[in-house]
Amino acid sequence: MAITPNEIAIRFTPPKTDADRVAIKAQISEAAGELAHLIHDLVPGSREESQAIKAVEIAVHWAHDGIDRRYVARAERRPAPDPATAEAECLSAMATADLAARPDRL
């Protein structure tokens with residue numbers, strides 16, 4: 001299949017998901033689409049052009065998958081713990097681990 005500007009637009013349109021993910025994916029897709037258009041404009045029509053555009057498409061695919069799989073939306077995020085509480089919990093855990101590793105000998 002010949003690579004056309006319309007085909008590039010189709011390939012780099014992000015799938016629809018929640019608003020946060022759509023915005024991030026749109027930024028990635030827009031930048032990748034610009035790169036694909038640049039490749040199409042500058043590289044003579046050839047196997048190399050097709051492979052270069054395919055590589056950009058694969059990069060976008062994995063980036064979108066990473067967002068879908070690992071991005072935590074603001075509504076889903078846990079609130080940040082209170083620093084004083086977190087420090088106290090950390091010190092308590094360290095003391096417990098230290099006692100378990102090296103019990104005092106009487």
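The values are calculated or read from the model by the stated rules, or taken from the named source; none is laboratory data. Since the model is a prediction, treat every value here as computed from it, not as a measurement. Every residue, glycine among them, receives a Cβ derived from its backbone with ideal geometry; neighbour counts consider all protein chains shown. Heads up: the accessible areas ignore ligands, DNA and RNA and are worked out on the full protein's heavy atoms, side chains in. Shrake-Rupley method; radii C 1.70, N 1.55, O 1.52, S 1.80 Å.
Quick notes on this one:
- Look at the range 53-69: where a residue is farther than 19 Å from A23 by Cα and a partner is modelled with pLDDT under 95 and surrounded by 17 or more Cβ atoms within 10 Å (Cβ to Cβ), sitting 6+ places away or on another chain with Cβ atoms under 6 Å, you get I53/I3.
- When P44 is tested against the conditions (1) open to solvent by 60 Å² or more (accessible area, probe 1.4 Å); (2) assigned to a helix (DSSP H, G or I), the lone failure is (2).
- The condition (being touching a Gly at 6+ places or on another chain (Cβ under 9 Å) and either modelled with pLDDT under 85 or open to solvent by less than 100 Å² (accessible area, probe 1.4 Å) (or both)) is satisfied by just one residue among I3, I58: I3.
- For the range 6-24, the set of residues classified as touching a residue at least 12 places away in the same chain (Cβ under 8 Å) and either open to solvent by less than 40 Å² (accessible area, probe 1.4 Å) or not hydroxyl-bearing (S, T, Y) (or both) consists of I8, A9, R11, F12, P14, P15, D18, D20, R21, I24, listed by residue number.
- Top-ranked residue in the range 25-39 [being open to solvent by less than 50 Å² (accessible area, probe 1.4 Å), at pLDDT 95 or above and of a type outside the set (V, I, T); ranked as nearest to T4 (Cα to Cα)]: A36
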